[in-house]
Amino acid sequence: MSGVNERQTGNAAPQSVLYGGTAAGEEVIQIRHLSKSFGSHEVLRDIDFSVSTGDVTCIIGASGSGKSTLLRCINLLETPTSGEILYHGTNIAASKVNAAAYRAKVGMVFQNFNLFNNMTVLGNCMVGQTKVLHKDKEAARQSALAYLEKVGMEPYINAKPRQLSGGQKQRVAIARALAMEPELLLFDEPTSALDPQMVGEVLDVMKRLVQDGLTMIIVTHEMAFARDGSSHVVYMADGIIEEEGSPEQIFSSPQNPMTREFLSRFMRG
């Protein structure tokens, strides 16, 4: 698995992986027959899909359909019961990998931010770079400042998370993930914990990332974003993929009755 067990040291130039470190169209992640059970409860059943460089895959579906569990499996926060998660052809579900280094390449933005409350905004965006990527502090600081500027949070570098709104916290969480220079970024319902007036500022950041070409898998209830901002849509229900395709196909002419019913509720508002 290229890069997962390697270290960055000193002032080495950051690897160019954020917006296309692999060839355009190259498969980054392949999910093959993935299943996950908690005791007798099967949460995921025979999941299959792939993500290539530059893809923006939105996973939609009702709460409890297994979407977040799927992301947690991809990020190695949950261990699949069976099946494969291939990262550049290597089955990470069965391999002994450095989980922290892998998560630097396949990052994740959580619903509830997961910021370190005892650190400043800048510290939150530096700590992973120094601890996992082994950058020196000045290189980590410059990278953190660049990404905080990108999400509009550079004026708040000395603030603590408790001093920020929910939307600001999520933008810091995105900057922190970007500072690790991931090849693929996972978003687990990044706007679900926000007040309605704060949702727009986070979606604006994500739209810019789409325009920049960042490869993403996004679990979301924001149907307008899934329709207008993705390249591929996956609809899940009861732990399985019921339908997948282009946004135009899924939103304009879904083939599965369950997809049609789910989207009709969205269209009714």
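The residues of the stretch 22-39 that are at pLDDT 95 or above and of a type in the set (Ser, Thr, Tyr), listed by number, are SER35, SER37.
Just for helices (runs of 4 or more DSSP H) wholly inside the stretch 174-269: which have at least 2 residues that are among the hydroxyl-bearing types (Ser, Thr, Tyr)?
On the way: elements: 196-212, 223-229, 247-252, 257-268.
The qualifying helices (runs of 4 or more DSSP H) are 257-268.
For every residue, the table says whether it meets (1) farther than 10 Å from MET180 by Cα; (2) surrounded by fewer than 16 Cβ atoms within 10 Å (Cβ to Cβ); (3) in contact (Cβ under 8 Å) with a residue 12 or more places away in the chain.
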site: ALA100; (1), (2), (3): yes, yes, yes
site: THR120; (1), (2), (3): yes, no, yes
site: ALA140; (1), (2), (3): no, no, yes
site: SER143; (1), (2), (3): no, no, yes
site: ILE157; (1), (2), (3): yes, no, yes
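Restricting attention to the stretch 159-173, the residues being outside any helix (DSSP H, G or I) and open to solvent by less than 20 Å² (accessible area, probe 1.4 Å) number 2.
Restricting the first member to the stretch 237-256 and to residues that are of a type in the set (D, E, K, R) and crowded, with 18+ Cβ neighbours inside 10 Å, and the second to residues that are in a helix (DSSP H, G or I) and at pLDDT 95 or above, the beta-carbon pairs closer than 8 Å and six or more apart or on different chains are GLU242/MET258; GLU242/THR259; GLU243/ILE250; GLU243/MET258; GLU243/THR259; GLU244/ILE250. Within the stretch 28-69, the residues that satisfy the criterion of being without any contact (Cβ under 8 Å) to a residue 40 or more places away in the chain and part of a strand (DSSP E or B) are PHE38, HIS41, SER50.
Under the condition of being under 15 Å from PRO247 (Cβ atoms), among the hydrophobic types (A, V, I, L, M, F, W, C), in contact (Cβ under 8 Å) with a residue 12 or more places away in the chain and open to solvent by 30 Å² or more (accessible area, probe 1.4 Å), the residues counted in the stretch 189-229 number 1.
Quick one: is VAL127 at pLDDT below 95 and either in contact with a strand residue (DSSP E or B) (Cβ under 8 Å, 6 or more places away or on another chain) or farther than 23 Å from MET198 by Cβ (or both)? It is false that VAL127 is at pLDDT below 95 and either in contact with a strand residue (DSSP E or B) (Cβ under 8 Å, 6 or more places away or on another chain) or farther than 23 Å from MET198 by Cβ (or both). Looking across the stretch 70-98, the residues that are in a helix (DSSP H, G or I) and either free of Cβ contacts under 8 Å to residues at least 40 places away in the same chain or basic (Lys, Arg) (or both) come down to ARG72, CYS73.
Examine the stretch 175-188 for a residue that is open to solvent by less than 50 Å² (accessible area, probe 1.4 Å), on the phi > 0 side of the Ramachandran plot, free of Cβ contacts under 8 Å to residues at least 60 places away in the same chain and under 20 Å from the mean Cα position of the chain (by Cα), and state whether such a residue exists. Looking for residues that are open to solvent by less than 50 Å² (accessible area, probe 1.4 Å), on the phi > 0 side of the Ramachandran plot, free of Cβ contacts under 8 Å to residues at least 60 places away in the same chain and under 20 Å from the mean Cα position of the chain (by Cα), one finds none in the stretch 175-188, hence no.
The values are calculated or read from the model by the stated rules, or taken from the named source; none is laboratory data. Bear in mind that the values here come from a model prediction, so they are computed numbers and not experimental data. Positions of Cβ are backbone-derived with ideal geometry, glycine not excepted, and every protein chain shown enters the neighbour counts. Ligands, DNA and RNA are excluded from the accessible area calculation, which covers all protein heavy atoms including side chains. Shrake-Rupley method; radii C 1.70, N 1.55, O 1.52, S 1.80 Å.
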